[in-house]
Amino acid sequence: MILQTQSLSHTLSTGEILAFPDITLEAGERVALVGPSGSGKTTLLNLLTGIIPIQAGSVIMLDHVFAALSSRELDHIRATHIGLLFQTLNLLPYLDAATNVALGVRFSAARRARVKHLSRDIEALFQALGLGLELLSRPVNQLSTGQQQRVAAARALLGGPELIIADEPTSALDPVSGQRFLDALFSSMDRDRQAALVVTHDPQVAKAFDRQIVLQAQGERRCSV
């Protein structure tokens with residue numbers, strides 16, 4: 001079991017309570033998280049990655065109970081076991097693309113150990129994602145939004161973390177580039193037995209996953225499918 005939640009909920013500053021369906025993710029499982037704006041998808045991702053504290057219910061990742069961990073321990077869990085791709089991307093704008101990708105393994109000895117040859121592995125990810133190798137040395141602030149999104153995807157995949165969590169990873173991509181991302185993700189998952197939880201508003205993207213978890217709009221009952 002990679003990830004398991006039970007009775008997870010979160011109270012917003014407005015007083016609204018977001019109650020989430022129970023989630024289980026096994027190694028190799030591909031799950032899409034769907035639902036309208038305001039249904040709590042981003043909040044759920046922040047809970048599953050330890051970015052915001054657990055208020056009620058539980059999150060267990062690889063036998064680690066989040067509520068029992070310190071902030072430092074949660075940082076270690078994120079760096080070692082989770083490949084993150086959020087909409088903000090969190091790239092360092094004046095560093096080149098290759099250096100940004102390499103940051104994915106900088107803070108985790110376990111992920112670094114899975115990289116056979118850093119520059120070659122980064123080049124392979126660039127090619128899989130449809131990025132020209134000439135972009136490796138270019139500062140990311142000189143890249144298009146779609147190119148930056150794929151650089152962030154390469155960073156998340158580098159080093160084979162057990163869980164990939166991505167928030168709208170194809171939002172800035174054309175259909176061809178979006179399919180390249182899915183192919184690269186699924187290839188990585190097949191090779192390393194990773195699990196993936198991906199937020200998407202694109203029905204075609206959602207169909208590519210094993211199953212969907214559906215979050216309903218505010219005031220409606222949330223359920224999983």
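Every number in this text was worked out from the coordinates using simple rules, so none of it is lab data. Everything numeric in this text was worked out from a predicted model, so none of it was measured. Please note: Cβ atoms are built from the backbone with ideal geometry, for glycine as well, and neighbour counts cover all protein chains shown.
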Requested in this report: Multiply the residue separation of Gln179 and Ser137 by 0.36 nm, subtract the distance between their alpha-carbon atoms, and state the gained length in nm to one decimal.
Outcome: 12.6 nm
**Report entry** DSSP-assigned coil residues among chymotrypsin sites (Phe, Trp or Tyr not before Pro) in the range 17-116, each with at most 14 further Cβ atoms within 10 Å
**Finding:** Tyr94, Phe107
Query raised in the report: Nearest 10 degrees, 0 to 90: what angle lies between the long axis of helix 118-128 and the longest principal axis of the chain (Cα atoms)?
Result: 80
Query - Contact order normalised by residue count of the range 3-214, Cα under 8 Å, 6+ apart, percent - result: 28
Query raised in the report: If you stretched the chain out fully between Arg112 and Gln204, how much longer would it get, using 0.36 nm times the residue separation minus the C-alpha to C-alpha distance?
Result: 29.7 nm
Report task. Give me the distance in nm between label points sitting 7 Å out from Cα along the Cα-to-Cβ direction at Gln212 and Ala56, one decimal. Result -> 2.8
Requested in this report: Would you mind telling me which residue in Ala56, Ala196, Ala154 has the biggest mean-square fluctuation in a Gaussian network model of the chain, where springs connect alpha carbons within a distance under 10 angstrom?
Outcome: Ala56
Query raised in the report: Relative to the longest principal axis of the chain, what angle (0 to 90°, nearest 10) does the C-alpha long axis of helix 97-106 take?
Result: 50
Report summary line: Of all DSSP beta bridges having both residues in the chain, the percent classed as antiparallel (nearest 5) is 45
Query - Longest site-free stretch - the chain; sites: GluC sites (Glu not before Pro), DSSP loop, at most 12 other Cβ within 10 Å - result: 17-219
Query raised in the report: Where in the range 31-72 does the label zone of Ile17 land, with the point 7 angstrom along Cα→C-beta and an amide N cut-off under 14 Å?
Result: 55-57
Requested in this report: Could you tell me the distance between the Cα centroids of the range 76-98 and the range 1-54, to the nearest Å?
Outcome: 20
Report summary line: Longest principal axis of the chain (C-alpha) makes with the long axis of helix 175-192 (C-alpha) an angle, in degrees to the nearest 10, of 80
Query raised in the report: How much mean residue ellipticity at 222 nm does the chain get from its helices, if each DSSP H run of length 4 or more adds -39500 (n - 2.57) and you divide by all residues, to the nearest 500 deg cm²/dmol?
Result: -10500 deg cm²/dmol
Report summary line: Amide H neighbours of His64 at under 5 Å, excluding residues fewer than 5 places away on the same chain, with H built from the backbone geometry, are none
